[in-house]
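Peer 1: If you scroll down you'll find the structure; I have some questions about it.
The values are calculated or read from the model by the stated rules, or taken from the named source; none is laboratory data. Because the structure is predicted, anything quoted here is derived from the model rather than measured. All Cβ positions, even for glycine, are placed from backbone atoms using ideal geometry, and neighbour counts span all protein chains on display.
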Amino acid sequence: MYFVWESLGTSAEGEMSSTERGSGTSPDVVLGRFVTSLAPRLANGIVVAVFCAIGLVSFISVLAAGYGSGQVMMGLGYLIVLLGLQLGYFSWPGVRLRPSVCYPALLTQAGLVYLPMLQFSDSWIGLPGLLAGSILLTLRPSVAVPVFVVIVTSMGVLGALYGRGLIANVHLVVSAVITGLVVYGLTRLAGLVGELYSAREELARLAVAEERLRFARDLHDLLGPNLSAITLKSEISIKALAEQPETSKREMEEVLEISRKALNDTRSVASAYSSLSLEDECRSARSILTAAEVDVRVERDGNAFSGPVDAVLATVLREGVANVLRHSKAEVCEISVQTVDGNACVDIVNDGLPRSRVDSASEGTGNGIDNLSHRVGALGGTLTAGAEHDDWYRLRVTVPLTRTS
């Protein structure tokens, strides 16, 4: 949090950086940022204004008492040091009040509050409230409260020594209590405002990080399988070009279709909207696996799912099929989409898992699996992935329909 005299001179124009002015950022957004950042500065400005006003009252009392210019200048010097200590240490935003520093600072402040009374008598009597507030800020409550009481009581004692009446002494004590509580309350309030502003900034940074993570997951989950399919079909097309031109043509047409789909997926990532369809992914999985000479069996019970569930299951199916092609030498792949006990379930089972990958597959690790787990978990579902008997691998996802309906 910026301290007030470092930031009050910063204008609204200064807040709008050249990047914001030139990047097309909405003026309302820029204004909102400026207003939000103004809060801690305004809080610190109020603290400075109130504390300076307290010092000004005492300085006016010294002037009104008719002291000479030399003594007046000394009084002004005392006040500057006293306010500098208060604003520069005890009420400084975010300062760590360490005993090795705060105890000498309290003694110095006590000296500046009480010793000048020997020179200015009761013209200086309005300042012990600053010391009372600093005591509340620095010491633990079990010590601070008794010391606070002693300080405000001393006001009445000093008033009696200077010949003030009962009503005037009560006024002095009440004034000291109010000043001490104002010092403590405003300092704490300004600190809380700064902490709130920092928390808002941190939340904004976390939101940006989460959006970047979502973008990375979407790129991996949406574009990765498409690029794998394009690579596979291009290889098939090249092999069939000489002897089976019709097959090669058909494969290249599918490459073109997948490329267009990848382009649409890229646009959907940029707009934070995914139009994946489980039905389309089932057809695409059958086509891709058949082209890779995998015996594919797709079983569906015909039930339709809500938008979020359908999109997540479609993503799971796409990533699962891509993993079959990337990480196995599958000859058989079985895909099942069913509704079981109020849950949408997707099972992808394939053979051909290399022995070298059985152990790692049992752990179900990898960016793709982690991304899918995050997506499924957001809907309250579960994902399990791992090797089964022999060289078979199973990816299973279960998503509750009641939570997302």
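Peer 1: Taking Tyr273 as the residue in question, decide whether it is at pLDDT below 75 and not hydrophobic (A, V, I, L, M, F, W, C).
Peer 2: yes
Peer 1: Do we find that Ser175 is closer than 19 Å to Tyr89 by Cβ, touching a residue at least 40 places away in the same chain (Cβ under 8 Å) and either under 44 Å from the mean Cα position of the chain (by Cα) or surrounded by 13 or more Cβ atoms within 10 Å (Cβ to Cβ) (or both) in this structure?
Peer 2: no
Peer 1: While we're on this one: Hey, any hits in segment 29-37 for a residue that's modelled with pLDDT under 90 and over 28 Å from Leu192 (Cβ atoms)?
Peer 2: Scanning segment 29-37, I find no residue that is modelled with pLDDT under 90 and over 28 Å from Leu192 (Cβ atoms), so the answer is no.
Peer 1: Taking segment 300-358, which residues are more than 21 Å from His220 (Cα to Cα) and among the β-branched types (Val, Ile, Thr)?
Peer 2: Listed by number, the residues that qualify are Val332, Ile335, Val337, Thr339, Val340, Val349, Val358.
Peer 1: Give me the pairs: first residue in segment 238-260 and not assigned by TED's automatic domain parsing to the domain that holds Thr290, second residue surrounded by fewer than 12 Cβ atoms within 10 Å (Cβ to Cβ) and acidic (Asp, Glu), beta-carbon distance under 9 Å, and six or more apart or on different chains, which are they?
Peer 2: Ala240/Glu246
Peer 1: Let me ask you something else. It is to be established whether one or more residues within segment 125-135 are surrounded by fewer than 15 Cβ atoms within 10 Å (Cβ to Cβ) and of a type outside the set (Lys, Arg).
Peer 2: No; the residues of segment 125-135 include none that is surrounded by fewer than 15 Cβ atoms within 10 Å (Cβ to Cβ) and of a type outside the set (Lys, Arg).
Peer 1: Based on what the data block shows, is Arg283 exposed (fewer than 14 other Cβ atoms within 10 Å of the Cβ), modelled with pLDDT of 80 or more and assigned to a helix (DSSP H, G or I)?
Peer 2: In short, yes.
Peer 1: So, one more: Of the residues that sit in segment 376-405 and are β-branched (Val, Ile, Thr) and more than 29 Å from the chain's Cα centre (by Cα), which one is surrounded by the most Cβ atoms within 10 Å (Cβ to Cβ)?
Peer 2: Val397
Peer 1: So, one more: Within segment 70-87, track down each residue that is over 14 Å from Ala49 (Cα atoms), of a type outside the set (Val, Ile, Thr) and surrounded by fewer than 18 Cβ atoms within 10 Å (Cβ to Cβ).
Peer 2: Gly70, Gln71, Met73, Met74, Leu76, Gly77, listed by residue number.
Peer 1: State all residues of segment 233-256 that are within 21 Å of Val294 (Cβ to Cβ) and more than 51 Å from the chain's Cα centre (by Cα); if no residue qualifies, say none.
Peer 2: Correct list: Lys239, Ala240, Gln244, Thr247, Ser248.
Peer 1: Is it fair to say Tyr78 is within 30 Å of the chain's Cα centre (by Cα) and either part of a helix (DSSP H, G or I) or on the phi > 0 side of the Ramachandran plot (or both)?
Peer 2: Taking the combined requirement at face value, the residue does not satisfy it.
Peer 1: Picking from Ser336, Ser328, which residue would you name as being modelled with pLDDT of 85 or more, of a type in the set (Gly, Ala, Ser) and surrounded by fewer than 21 Cβ atoms within 10 Å (Cβ to Cβ)?
Peer 2: The match here is Ser336.
Peer 1: Mind checking whether some residue in segment 192-210 is polar (S, T, N, Q), at pLDDT 75 or above, surrounded by 13 or more Cβ atoms within 10 Å (Cβ to Cβ) and under 30 Å from Gly88 (Cα atoms)?
Peer 2: yes
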